[in-house]
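A.B. asks: Okay, handing you the structure first.
The values are calculated or read from the model by the stated rules, or taken from the named source; none is laboratory data. All figures in this text were calculated on a predicted structure; none of them were measured in a lab. Note that each Cβ is placed from the backbone with ideal geometry, even for glycine, and that neighbours are counted across all protein chains shown. Quick note on the areas: whole protein, heavy atoms, side chains included, nothing else; ligands and nucleic acids left out. Shrake-Rupley method; radii C 1.70, N 1.55, O 1.52, S 1.80 Å.
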Amino acid sequence: MAPRIVLFGATGYTGRLTAEAMAAAGARPVLAGRDRARLEALAGRLGGLEVAEADTARPDSVRGLAGRGDVLVSTVGPFLTRGEPAVRAAVEAGAAYLDAAGEPPFLRRVFEELGPLAAGRCGLVPAFGYDFVPGNLAGALALAESPAATRVTIGYFVTGGGGFSSGTRASGAGLLLEPGFAFRDGRLRRERTARRVRSFPIGGREWLAVSYGGSEHYALPRVAPGLREVEVYLGWFGRRSRAVQALSAVGAPLARLPGAGALARAVTGPLARQTGQGPDEAARRGGGSLVVAAAADDAGRELATVRLHGPDPYTLTARLLAWGAGRAAGHGLASTGALGPVDAFGLAALQAGAAAAGLERAGP
(Lines give C-alpha, C1' and ligand atoms only; values in the text may rest on other atoms or scores of the structure.)
Protein backbone atom coordinates (compact mmCIF):
# COMPACT_ATOMS: atom_id res chain seq x y z
CA MET A 1 0.00 0.00 0.00
CA ALA A 2 1.35 3.41 -0.97
CA PRO A 3 2.18 5.78 1.90
CA ARG A 4 -0.55 8.26 2.74
CA ILE A 5 0.05 11.96 3.34
CA VAL A 6 -1.95 13.30 6.29
CA LEU A 7 -2.19 17.06 6.75
CA PHE A 8 -3.09 17.92 10.35
CA GLY A 9 -4.37 21.47 10.82
CA ALA A 10 -5.71 21.64 7.26
CA THR A 11 -8.32 24.33 7.91
CA GLY A 12 -5.95 26.82 9.54
CA TYR A 13 -4.41 29.56 7.44
CA THR A 14 -1.11 27.83 6.64
CA GLY A 15 -2.87 24.46 6.57
CA ARG A 16 -5.31 25.59 3.89
CA LEU A 17 -2.53 26.99 1.73
CA THR A 18 -0.61 23.74 2.17
CA ALA A 19 -3.64 21.64 1.23
CA GLU A 20 -4.04 23.71 -1.93
CA ALA A 21 -0.34 23.35 -2.76
CA MET A 22 -0.50 19.58 -2.25
CA ALA A 23 -3.55 19.27 -4.47
CA ALA A 24 -1.88 21.45 -7.13
CA ALA A 25 1.11 19.08 -7.05
CA GLY A 26 -1.17 16.10 -7.69
CA ALA A 27 -1.27 14.72 -4.15
CA ARG A 28 -4.45 13.60 -2.41
CA PRO A 29 -3.75 14.16 1.29
CA VAL A 30 -6.06 13.21 4.12
CA LEU A 31 -7.23 16.50 5.61
CA ALA A 32 -7.30 16.38 9.41
CA GLY A 33 -8.46 18.86 12.03
CA ARG A 34 -11.03 19.48 14.73
CA ASP A 35 -13.87 20.99 12.64
CA ARG A 36 -15.45 18.39 10.36
CA ALA A 37 -17.69 20.87 8.56
CA ARG A 38 -14.74 23.07 7.56
CA LEU A 39 -12.69 20.01 6.62
CA GLU A 40 -15.43 18.67 4.36
CA ALA A 41 -15.90 22.05 2.68
CA LEU A 42 -12.18 22.28 1.90
CA ALA A 43 -12.00 18.64 0.85
CA GLY A 44 -14.89 19.13 -1.55
CA ARG A 45 -13.29 22.21 -3.08
CA LEU A 46 -10.05 20.26 -3.66
CA GLY A 47 -11.67 17.33 -5.42
CA GLY A 48 -13.25 15.15 -2.76
CA LEU A 49 -10.39 14.39 -0.41
CA GLU A 50 -10.64 12.15 2.65
CA VAL A 51 -11.05 13.88 6.02
CA ALA A 52 -10.35 12.87 9.62
CA GLU A 53 -11.25 14.56 12.90
CA ALA A 54 -8.45 15.08 15.41
CA ASP A 55 -7.68 17.56 18.17
CA THR A 56 -4.51 18.06 20.21
CA ALA A 57 -6.75 18.28 23.29
CA ARG A 58 -7.52 14.60 22.60
CA PRO A 59 -4.11 13.01 21.88
CA ASP A 60 -5.70 9.61 21.13
CA SER A 61 -7.45 11.16 18.13
CA VAL A 62 -4.09 12.42 16.82
CA ARG A 63 -2.42 9.05 17.33
CA GLY A 64 -4.94 7.49 14.97
CA LEU A 65 -4.07 9.71 12.02
CA ALA A 66 -1.01 8.00 10.53
CA GLY A 67 0.38 4.49 10.18
CA ARG A 68 3.84 3.07 9.57
CA GLY A 69 5.40 4.53 6.44
CA ASP A 70 2.84 7.36 6.13
CA VAL A 71 3.80 11.04 6.14
CA LEU A 72 2.25 13.24 8.84
CA VAL A 73 2.45 16.99 8.17
CA SER A 74 1.42 19.34 10.97
CA THR A 75 0.52 23.01 10.71
CA VAL A 76 -1.16 23.09 14.14
CA GLY A 77 0.21 25.91 16.26
CA PRO A 78 1.32 27.42 18.46
CA PHE A 79 3.67 24.44 18.39
CA LEU A 80 5.08 25.19 21.81
CA THR A 81 1.71 24.41 23.41
CA ARG A 82 -0.01 22.27 20.78
CA GLY A 83 2.70 20.67 18.66
CA GLU A 84 3.87 17.69 20.67
CA PRO A 85 0.92 15.28 20.19
CA ALA A 86 1.52 15.10 16.43
CA VAL A 87 5.24 14.45 16.86
CA ARG A 88 4.59 11.67 19.37
CA ALA A 89 1.91 10.22 17.07
CA ALA A 90 4.44 10.01 14.23
CA VAL A 91 7.05 8.39 16.46
CA GLU A 92 4.61 5.79 17.80
CA ALA A 93 3.34 4.97 14.29
CA GLY A 94 6.74 5.02 12.56
CA ALA A 95 5.56 7.75 10.20
CA ALA A 96 7.71 10.47 8.63
CA TYR A 97 6.93 13.86 10.15
CA LEU A 98 7.21 17.44 8.84
CA ASP A 99 5.86 20.66 10.31
CA ALA A 100 5.68 24.43 9.94
CA ALA A 101 7.06 25.23 13.40
CA GLY A 102 9.17 28.29 14.08
CA GLU A 103 9.35 28.49 17.89
CA PRO A 104 12.89 27.88 19.21
CA PRO A 105 11.81 26.08 22.44
CA PHE A 106 9.74 23.62 20.40
CA LEU A 107 12.63 22.95 18.04
CA ARG A 108 14.87 22.27 21.01
CA ARG A 109 12.32 19.80 22.38
CA VAL A 110 12.13 17.97 19.05
CA PHE A 111 15.89 17.72 18.55
CA GLU A 112 16.85 16.93 22.14
CA GLU A 113 13.89 15.02 23.62
CA LEU A 114 11.70 13.61 20.85
CA GLY A 115 14.37 12.99 18.23
CA PRO A 116 16.10 10.26 20.25
CA LEU A 117 12.74 8.48 20.58
CA ALA A 118 12.42 8.48 16.79
CA ALA A 119 15.90 7.09 16.13
CA GLY A 120 15.59 3.83 14.22
CA ARG A 121 11.84 4.34 13.75
CA CYS A 122 11.17 7.43 11.63
CA GLY A 123 12.46 10.83 10.64
CA LEU A 124 11.24 14.08 12.21
CA VAL A 125 11.77 17.22 10.13
CA PRO A 126 10.53 20.25 12.08
CA ALA A 127 10.47 23.79 10.69
CA PHE A 128 10.15 22.74 7.05
CA GLY A 129 8.90 26.08 5.71
CA TYR A 130 10.09 29.67 5.53
CA ASP A 131 11.26 28.81 9.04
CA PHE A 132 13.90 27.31 8.48
CA VAL A 133 14.48 25.68 5.10
CA PRO A 134 15.96 28.73 3.30
CA GLY A 135 18.64 29.33 5.94
CA ASN A 136 19.61 25.67 6.07
CA LEU A 137 19.85 25.56 2.28
CA ALA A 138 21.70 28.87 1.90
CA GLY A 139 24.02 27.99 4.78
CA ALA A 140 24.81 24.54 3.38
CA LEU A 141 25.52 26.01 -0.07
CA ALA A 142 27.81 28.69 1.38
CA LEU A 143 29.65 26.08 3.46
CA ALA A 144 30.02 23.80 0.44
CA GLU A 145 31.75 26.68 -1.37
CA SER A 146 34.10 27.41 1.56
CA PRO A 147 35.40 24.21 3.20
CA ALA A 148 37.67 26.26 5.50
CA ALA A 149 34.75 28.16 7.05
CA THR A 150 34.22 27.93 10.80
CA ARG A 151 31.35 30.43 11.04
CA VAL A 152 28.09 30.91 9.23
CA THR A 153 25.65 33.79 9.69
CA ILE A 154 22.11 33.69 8.31
CA GLY A 155 19.54 36.46 8.00
CA TYR A 156 15.84 36.08 7.23
CA PHE A 157 13.96 38.98 5.65
CA VAL A 158 10.54 39.70 4.14
CA THR A 159 10.01 42.10 1.25
CA GLY A 160 6.85 43.91 0.25
CA GLY A 161 4.99 43.59 3.54
CA GLY A 162 1.77 41.57 3.61
CA GLY A 163 1.30 41.12 7.35
CA PHE A 164 1.15 38.06 9.60
CA SER A 165 -1.31 35.21 10.04
CA SER A 166 -3.22 34.63 13.27
CA GLY A 167 -1.04 31.56 13.85
CA THR A 168 2.19 33.56 13.53
CA ARG A 169 0.92 36.15 16.01
CA ALA A 170 -0.09 33.43 18.47
CA SER A 171 3.23 31.62 18.13
CA GLY A 172 5.31 34.76 18.50
CA ALA A 173 3.41 36.43 21.33
CA GLY A 174 5.17 34.67 24.18
CA LEU A 175 8.60 33.95 22.70
CA LEU A 176 10.37 36.81 24.47
CA LEU A 177 9.49 35.05 27.73
CA GLU A 178 10.87 31.72 26.52
CA PRO A 179 14.54 30.65 26.50
CA GLY A 180 16.31 30.71 23.15
CA PHE A 181 19.64 29.27 22.05
CA ALA A 182 22.74 29.87 19.94
CA PHE A 183 25.67 27.78 18.66
CA ARG A 184 29.00 29.25 19.76
CA ASP A 185 32.45 27.82 20.48
CA GLY A 186 31.37 24.55 18.94
CA ARG A 187 28.40 23.88 21.19
CA LEU A 188 24.78 24.83 21.75
CA ARG A 189 24.28 27.52 24.38
CA ARG A 190 21.21 28.93 26.03
CA GLU A 191 20.66 32.55 24.94
CA ARG A 192 17.62 34.79 25.01
CA THR A 193 15.87 35.66 21.75
CA ALA A 194 16.97 39.04 20.31
CA ARG A 195 20.04 39.27 22.54
CA ARG A 196 22.03 40.45 19.52
CA VAL A 197 21.27 42.87 16.68
CA ARG A 198 23.19 42.72 13.41
CA SER A 199 23.01 44.62 10.14
CA PHE A 200 23.15 42.91 6.75
CA PRO A 201 24.27 44.88 3.66
CA ILE A 202 21.59 44.21 1.03
CA GLY A 203 20.88 46.26 -2.07
CA GLY A 204 23.03 49.18 -1.01
CA ARG A 205 21.59 49.63 2.46
CA GLU A 206 21.84 48.03 5.89
CA TRP A 207 18.99 45.76 7.03
CA LEU A 208 18.73 45.16 10.78
CA ALA A 209 17.84 41.81 12.33
CA VAL A 210 17.66 40.23 15.80
CA SER A 211 19.20 36.92 16.86
CA TYR A 212 16.89 33.92 16.90
CA GLY A 213 17.07 30.18 17.52
CA GLY A 214 16.62 28.16 14.33
CA SER A 215 17.04 24.56 13.25
CA GLU A 216 20.30 25.68 11.59
CA HIS A 217 21.95 25.63 15.03
CA TYR A 218 21.33 21.88 15.22
CA ALA A 219 21.55 20.90 11.56
CA LEU A 220 24.41 22.85 9.99
CA PRO A 221 27.14 21.54 12.35
CA ARG A 222 26.21 18.09 11.04
CA VAL A 223 26.73 19.31 7.48
CA ALA A 224 30.06 20.97 8.35
CA PRO A 225 31.57 19.42 11.51
CA GLY A 226 34.29 22.09 11.61
CA LEU A 227 31.78 24.84 12.38
CA ARG A 228 32.41 26.76 15.60
CA GLU A 229 29.64 29.34 15.29
CA VAL A 230 26.16 29.42 13.76
CA GLU A 231 24.14 32.62 13.98
CA VAL A 232 20.56 33.06 12.80
CA TYR A 233 18.88 36.47 12.63
CA LEU A 234 15.27 37.46 11.99
CA GLY A 235 14.86 40.69 10.05
CA TRP A 236 11.10 41.17 10.33
CA PHE A 237 11.30 44.21 12.61
CA GLY A 238 13.50 46.56 10.57
CA ARG A 239 14.33 49.73 12.46
CA ARG A 240 12.41 48.41 15.47
CA SER A 241 14.98 45.64 15.94
CA ARG A 242 16.76 47.49 18.76
CA ALA A 243 13.44 48.08 20.52
CA VAL A 244 12.77 44.33 20.29
CA GLN A 245 16.24 43.72 21.74
CA ALA A 246 15.46 46.04 24.67
CA LEU A 247 12.11 44.33 25.24
CA SER A 248 13.87 40.96 25.25
CA ALA A 249 16.33 42.21 27.89
CA VAL A 250 13.40 43.22 30.10
CA GLY A 251 11.44 40.03 29.44
CA ALA A 252 14.28 37.60 30.19
CA PRO A 253 14.36 38.28 33.98
CA LEU A 254 10.56 38.21 34.10
CA ALA A 255 10.59 34.76 32.53
CA ARG A 256 12.34 33.41 35.62
CA LEU A 257 9.60 34.61 37.96
CA PRO A 258 7.03 32.09 39.29
CA GLY A 259 3.94 32.04 37.10
CA ALA A 260 5.60 33.59 34.02
CA GLY A 261 4.83 30.52 31.92
CA ALA A 262 1.18 30.54 32.95
CA LEU A 263 0.98 34.25 32.10
CA ALA A 264 2.43 33.65 28.65
CA ARG A 265 -0.07 30.86 28.02
CA ALA A 266 -2.91 33.09 29.18
CA VAL A 267 -1.82 35.79 26.72
CA THR A 268 -1.40 33.45 23.75
CA GLY A 269 -4.48 31.30 24.42
CA PRO A 270 -7.04 33.67 22.84
CA LEU A 271 -4.73 34.22 19.87
CA ALA A 272 -4.41 30.47 19.33
CA ARG A 273 -8.17 30.20 18.96
CA GLN A 274 -8.23 32.76 16.12
CA THR A 275 -7.46 30.31 13.35
CA GLY A 276 -7.55 30.69 9.60
CA GLN A 277 -6.75 34.41 9.34
CA GLY A 278 -3.89 35.90 7.36
CA PRO A 279 -2.80 37.94 4.34
CA ASP A 280 -5.09 37.60 1.35
CA GLU A 281 -3.92 36.49 -2.09
CA ALA A 282 -3.19 40.02 -3.30
CA ALA A 283 -1.06 40.75 -0.23
CA ARG A 284 0.84 37.50 -0.68
CA ARG A 285 1.52 38.27 -4.34
CA GLY A 286 3.06 41.58 -3.29
CA GLY A 287 5.38 39.97 -0.73
CA GLY A 288 8.59 38.03 -0.97
CA SER A 289 11.23 36.17 1.01
CA LEU A 290 14.93 36.97 1.10
CA VAL A 291 17.49 34.91 3.02
CA VAL A 292 21.23 35.56 3.22
CA ALA A 293 23.97 33.20 4.43
CA ALA A 294 27.60 34.24 4.82
CA ALA A 295 30.38 31.76 5.63
CA ALA A 296 33.59 33.06 7.25
CA ASP A 297 36.84 31.82 8.74
CA ASP A 298 38.18 32.17 12.28
CA ALA A 299 39.44 35.68 11.56
CA GLY A 300 36.03 36.80 10.35
CA ARG A 301 37.01 36.96 6.67
CA GLU A 302 33.97 36.28 4.51
CA LEU A 303 34.58 33.31 2.22
CA ALA A 304 31.21 32.82 0.51
CA THR A 305 27.79 34.47 0.46
CA VAL A 306 24.55 32.94 -0.78
CA ARG A 307 21.30 34.86 -1.24
CA LEU A 308 18.00 33.10 -1.88
CA HIS A 309 14.78 34.82 -2.88
CA GLY A 310 11.30 33.42 -3.21
CA PRO A 311 7.59 34.05 -2.74
CA ASP A 312 6.04 35.40 0.45
CA PRO A 313 6.68 33.30 3.59
CA TYR A 314 3.24 31.66 3.68
CA THR A 315 3.17 30.64 0.03
CA LEU A 316 6.75 29.41 0.34
CA THR A 317 5.94 27.38 3.46
CA ALA A 318 2.96 25.73 1.79
CA ARG A 319 4.92 24.81 -1.32
CA LEU A 320 7.89 23.48 0.65
CA LEU A 321 5.65 21.32 2.85
CA ALA A 322 3.86 20.00 -0.24
CA TRP A 323 7.18 19.13 -1.91
CA GLY A 324 8.67 17.64 1.27
CA ALA A 325 5.63 15.49 1.94
CA GLY A 326 5.56 14.20 -1.62
CA ARG A 327 9.28 13.49 -1.59
CA ALA A 328 9.07 11.69 1.75
CA ALA A 329 6.12 9.60 0.54
CA GLY A 330 7.82 8.69 -2.73
CA HIS A 331 11.45 8.29 -1.69
CA GLY A 332 11.50 8.20 2.10
CA LEU A 333 13.80 10.25 4.31
CA ALA A 334 17.56 9.77 4.35
CA SER A 335 17.74 8.95 8.06
CA THR A 336 15.77 8.70 11.29
CA GLY A 337 15.59 10.80 14.43
CA ALA A 338 15.34 14.61 14.40
CA LEU A 339 16.64 15.91 11.07
CA GLY A 340 17.45 19.18 9.41
CA PRO A 341 16.32 19.74 5.81
CA VAL A 342 19.71 18.73 4.34
CA ASP A 343 19.91 15.66 6.62
CA ALA A 344 16.45 14.61 5.52
CA PHE A 345 16.66 15.01 1.75
CA GLY A 346 20.27 15.65 0.73
CA LEU A 347 21.56 18.98 -0.55
CA ALA A 348 20.98 18.41 -4.28
CA ALA A 349 17.39 17.19 -3.85
CA LEU A 350 16.60 19.97 -1.37
CA GLN A 351 17.93 22.62 -3.73
CA ALA A 352 15.81 21.21 -6.56
CA GLY A 353 12.73 21.03 -4.34
CA ALA A 354 13.24 24.58 -3.11
CA ALA A 355 13.53 25.80 -6.71
CA ALA A 356 10.28 24.04 -7.53
CA ALA A 357 8.73 25.99 -4.63
CA GLY A 358 10.06 29.25 -6.08
CA LEU A 359 13.10 29.63 -3.79
CA GLU A 360 16.15 30.28 -5.96
CA ARG A 361 19.59 31.78 -5.73
CA ALA A 362 19.76 35.53 -6.26
CA GLY A 363 22.65 37.58 -7.63
CA PRO A 364 25.11 39.51 -5.44
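A.B. asks: Would you mind checking which residues have amide H under 5 Å from Cys122's amide H? H placed 1.01 Å from N; only 5 or more apart, or other chain.
C.D. replies: Those lying under 5 Å, H to H, from Cys122 are Gly337.
A.B. asks: Among Leu39, Gly26, Ala2, which residue has its Cα positioned farthest towards the positive end of the charge dipole of the chain, with +1 placed on the Cβ of Lys and Arg, -1 on the Cβ of Asp and Glu, and the dipole taken about the Cα centre?
C.D. replies: Toward the positive end, the furthest listed residue is Leu39.
A.B. asks: Could you give the length gained on full extension between Ala144 and Asp297, defined as 0.36 nm per residue of separation minus the Cα-Cα distance, in nm?
C.D. replies: Once the chain is fully extended between Ala144 and Asp297, it gains 53.7 nm.
A.B. asks: Going by a ≥ b ≥ c, the root eigenvalues of the Cα gyration tensor, does region 1-76 fall in the rounded group (a/c under 1.5), the prolate group (a/b larger than b/c) or the oblate group?
C.D. replies: Here region 1-76 falls in the oblate category.
A.B. asks: Simple spin-label model, 7 Å along Cα-to-Cβ: Glu50 to Arg222 in nm?
C.D. replies: Each label point is offset 7 Å from its Cα along the Cβ direction, giving 3.0 nm.
A.B. asks: Once phi is turned into θ = phi - 60°, what whole-Hz ³J(HN,Hα) does the Karplus curve with 6.51, -1.76 and 1.60 give for every residue of region 105-120, x standing for Gly and Pro?
C.D. replies: Each residue of region 105-120 in turn: x, 5, 4, 4, 5, 5, 6, 9, 10, 8, x, x, 5, 8, 4, x Hz.
A.B. asks: Roughly how big is the chain's charge dipole about its Cα centre, with Cβ charges of +1 (Lys, Arg) and -1 (Asp, Glu), in debye to the nearest 20?
C.D. replies: Dipole about the Cα centre, nearest 20: 620 debye.
A.B. asks: If the chain between Arg242 and Ala355 were fully stretched, how many nm would it gain, using 0.36 nm times the residue separation less the Cα-Cα distance?
C.D. replies: Difference between extended and current length: 37.3 nm.
A.B. asks: Also: Please list, in chain and number order, the residues 5+ apart from Ala127 or on another chain whose amide H is under 5 Å from its amide H, with Hs placed from the backbone.
C.D. replies: Asp99, Ala100, Ala101
A.B. asks: I would also like to ask the following. So what's the net charge close to Gly67: Lys and Arg +1, Asp and Glu -1, counting the other residues with Cβ under 11 Å from its Cβ?
C.D. replies: Surrounding charge for Gly67 is +1.
A.B. asks: If I fit a long axis through the Cα atoms of helix 241-255 and take the longest principal axis of the Cα atoms of the chain, what angle between them do I get, 0 to 90°, rounded to 10?
C.D. replies: 70
A.B. asks: Over the chain, what is the relative contact order in percent, taking alpha-carbon pairs closer than 8 angstrom and at least six residues apart?
C.D. replies: Across the chain, relative contact order equals 23 percent.
A.B. asks: Continuing with the same structure: Tell me what the chain gives for mean residue ellipticity at 222 nm when only DSSP H runs of n ≥ 4 count, each as -39,500 (n - 2.57), the sum divided by the residue total, rounded to 500 deg cm²/dmol.
C.D. replies: The helix contribution divided over the chain gives -11500 deg cm²/dmol.
A.B. asks: Using the C-alpha atoms of region 8-132, what convex hull volume per residue, in cubic angstrom, is computed?
C.D. replies: 95
A.B. asks: Leaving out ligands, DNA and RNA, and with a 1.4 Å probe, what % of the accessible surface on the chain is carbon or sulfur?
C.D. replies: 51
A.B. asks: Additional query: Please work out whether region 183-255 counts as rounded, prolate or oblate from its C-alpha gyration tensor, where a ≥ b ≥ c are the square roots of the eigenvalues and a/c under 1.5 means rounded, while otherwise a/b larger than b/c means prolate and anything else oblate?
C.D. replies: Verdict is oblate for region 183-255.
A.B. asks: So, one more: Counting only C-alpha contacts under 8 Å and six or more residues apart, can you give the relative contact order of region 92-152 as a whole percent?
C.D. replies: With pairs under 8 Å counted, the relative contact order is 39 percent.
A.B. asks: Region 274-364: which trypsin sites (Lys or Arg not before Pro) are DSSP loop and have at most 16 other beta-carbon atoms within 10 angstrom?
C.D. replies: Taking region 274-364 and a limit of 16 other Cβ atoms within 10 Å, the loop trypsin sites (Lys or Arg not before Pro) found are Arg301.
A.B. asks: Related question: Sum up the charges of everything whose Cβ sits under 9 Å from the Cβ of Leu208, counting Lys and Arg as +1 and Asp and Glu as -1, but leave Leu208 out.
C.D. replies: +3
A.B. asks: How high is the relative contact order of region 17-91, in percent, counting Cα pairs under 8 Å that sit 6 or more residues apart?
C.D. replies: 23
A.B. asks: Run the simple label-point estimate for Glu281 and Asp35 please: 7 Å along Cα→C-beta, distance reported in nm.
C.D. replies: 2.0
A.B. asks: Let me ask you something else. Please check: in the Gaussian network model of the chain (C-alpha springs, under 10 Å), which one of Ala37, Ala95, Ala19 has the largest mean-square fluctuation.
C.D. replies: Top of the fluctuation ranking is Ala37.
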